[in-house]
Structure formats: C-alpha cells, structure tokens
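Below is one structure, written out as structure tokens, with a few remarks after it.
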Amino acid sequence: MNVLDWVQIVFSLVVVLIGLYIAVSRGPRRGVPATTRIASFGVALLGLSYFVGGFGGPAVERPLFDRVEAGSAVVGFLVVL
C-alpha cells in the first residue's frame with residue numbers, strides 16, 4: 001500500500017464519520033430535515049465503499065471486499081437519490 005491508498009482510507013473514514021454524525025446525532029429539533037438525515041446514511045455508505053476500495057492489492061483483495069464495495073456503493077447512491 002502506498003501513500004495514496006492511505007490518503008484514500010483516511011478521507012473515506014472522514015466522509016463516513018461526517019455522514020453518520022449528521023444522520024444520528026442531530027434530531028429534527030435542530031432544524032435538520034429528515035431527507036438530509038436519510039441522505040447522510042447514503043453518503044456514509046458511499047464512504048464505506050471508498051474505504052474498502054482503499055485496500056488494494058493481491059494480498060487483501062477478496063470476493064467479499066468486492067461485494068461490500070459494490071453493494072455499499074449502489075445502495076448508498078440509491079439512498080442519496
């Protein structure tokens with residue numbers, strides 16, 4: 001794994017944490033619409049897909065990683081839409 005892989009992993013973790021923060025910790029009393037909270041779950045799933053994609057190489061690539069990466073990307077994209 002090179003430096004760009006680590007940058008991708010760190011960036012994706014930040015995206016996942018921001019998405020989960022918006023989705024979970026802010027209730028409707030603070031003025032965050034429900035659609036924004038639902039879409040932030042989608043953003044967190046897209047970040048998860050990007051996170052799994054950061055672990056590249058023959059030593060760590062498994063069919064499970066491919067399924068998680070593709071599945072979370074598709075579901076995240078559909079939730080955001």
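If you go through the stretch 1-27 and keep only what is modelled with pLDDT of 85 or more and either outside any helix (DSSP H, G or I) or of a type in the set (G, A, S) (or both), you end up with S12, G19.
Report the residue count in the stretch 28-73 for those that are outside any helix (DSSP H, G or I) and at pLDDT 75 or above. Residues that pass the stated criteria total 3.
The values are calculated or read from the model by the stated rules, or taken from the named source; none is laboratory data. Owing to the predicted nature of the structure, the values given are computational and were not obtained by experimental measurement.
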